[in-house]
1. State all residues of the range 176-221 that are small (Gly, Ala, Ser) and either in a helix (DSSP H, G or I) or modelled with pLDDT of 95 or more (or both); if no residue qualifies, say none.
2. Are there any pairs with C-beta distances below 9 angstrom linking a residue in the range 76-87 that is more than 15 Å from SER61 (Cβ to Cβ) to a residue that is modelled with pLDDT under 90 and of a type in the set (Asp, Glu), with the two at least 6 apart or on different chains, and if so which?
3. Give me the pairs: first residue in the range 26-38 and closer than 12 Å to LEU131 by Cα and in the same structural domain as MET124 (by TED's automatic domain parsing), second residue assigned to a helix (DSSP H, G or I) and hydrophobic (A, V, I, L, M, F, W, C), beta-carbon distance under 6 Å, and six or more apart or on different chains, which are they?
4. Kindly provide the set of residues from the range 3-23 that are more than 12 Å from VAL172 (Cα to Cα) and either under 20 Å from the mean Cα position of the chain (by Cα) or not charged (D, E, K, R) (or both), ordered by number.
5. For residues that are within 20 Å of the chain's Cα centre (by Cα) and charged (D, E, K, R), scanning just the range 140-186, find the one that is surrounded by the most Cβ atoms within 10 Å (Cβ to Cβ).
6. For the range 144-168, how many residues meet the condition of being on the phi < 0 side of the Ramachandran plot, in a loop (DSSP other than H, G, I, E, B) and out of contact with any Lys or Arg (no Cβ under 9 Å at 6 or more places or on another chain)?
7. Answer yes if at least one residue in the range 120-132 is touching a Ser or Thr at 6+ places or on another chain (Cβ under 9 Å), at pLDDT 95 or above, assigned by TED's automatic domain parsing to the domain that holds VAL10 and over 30 Å from ALA215 (Cβ atoms), and no otherwise.
8. I want to confirm something. Restricting to the range 7-22 and keeping residues that are out of contact with any helix residue (DSSP H, G or I) (no Cβ under 6 Å at 6 or more places or on another chain) and in a loop (DSSP other than H, G, I, E, B), which single residue is surrounded by the fewest Cβ atoms within 10 Å (Cβ to Cβ)?
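The values are calculated or read from the model by the stated rules, or taken from the named source; none is laboratory data. The structure presented is a predicted model; accordingly, all values stated were derived computationally and were not measured. Using ideal geometry, Cβ is built from the backbone for each residue, glycine included, and neighbour counts are taken over all protein chains shown.
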Amino acid sequence: MDYDGFLELVKKRRSNRSFKPDPIPDDYADKIIEAARWAPSGFNTQPWDFVVVKKQELKDSIVQLLEEKGGVPRRPMDYSNAPVFIILLGDPRTKIGLPPRLSTDYERNQPIYISSLASAFLSMHLAATALGLASQWMTHAGFQVQVSIKELLGVPEGFEIYDMMAVGYPAVKARPKPVRAWEKMVHYDYSSKEDFRTDEEVNDFAGRTRDWMYAGLRRPD
């Protein structure tokens, strides 16, 4: 793949919130995970494990837990009928593979650990896009509800849910995505305060992108 092809793939990736219930090929989840296995990680610690959830009763239970404990309401567009959920687990024990000064310093090793998991998760989404699938980043699965989800799936203590990805064929077409202007985010060598956004510009963009997000949540299936 050349750069233009890669950039087109990146631009196509979206967090999709409406899926067809159609099953995806059995090996697609494996291909998504294979891409994540090669993601960069701090000192190559590879702090990840993956749980693929296809059984309907387990997916229904996860959806229920997210609604009841995670505060995720049902909307006209939702992820509940996606054929596959993939949960990315983090294993904090892998921090032992960092240099000694880092491995025992939580404030310094935690950002490395989280960044490594984020790299794997982004690779999963790009792989799903390359396979012609839609995906949604379910951040709520990694908060207070994770204990219940881990118990449901038999995940041992100590592991942490980083996030969950719902994946399947899209039920609606992705909308154009607002992206900040190049000149407001790219700075070469030396810069000054005038080269960065003002508070008003930050607030304006935040309002516009929030409206864009809420409009997407209200779209019918």
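1. The answer is ALA206, GLY207, ALA215, GLY216.
2. Matching pairs, first to second residue: PRO76/ASP221; MET77/ASP221; ASP78/ASP221.
3. Listed by first residue and then by second, the contacts come to ILE32/MET124; ILE32/ALA127; ILE32/ALA128; ALA35/ALA127.
4. The answer is TYR3, GLY5, PHE6, LEU7, GLU8, LEU9, VAL10, LYS11, LYS12, ARG13, PRO21, PRO23.
5. Among them, the one singled out is ASP163.
6. 1
7. Yes, there is a match, as at least one residue in the range 120-132 is touching a Ser or Thr at 6+ places or on another chain (Cβ under 9 Å), at pLDDT 95 or above, assigned by TED's automatic domain parsing to the domain that holds VAL10 and over 30 Å from ALA215 (Cβ atoms).
8. The qualifying residue surrounded by the fewest Cβ atoms within 10 Å (Cβ to Cβ) is ASP22.
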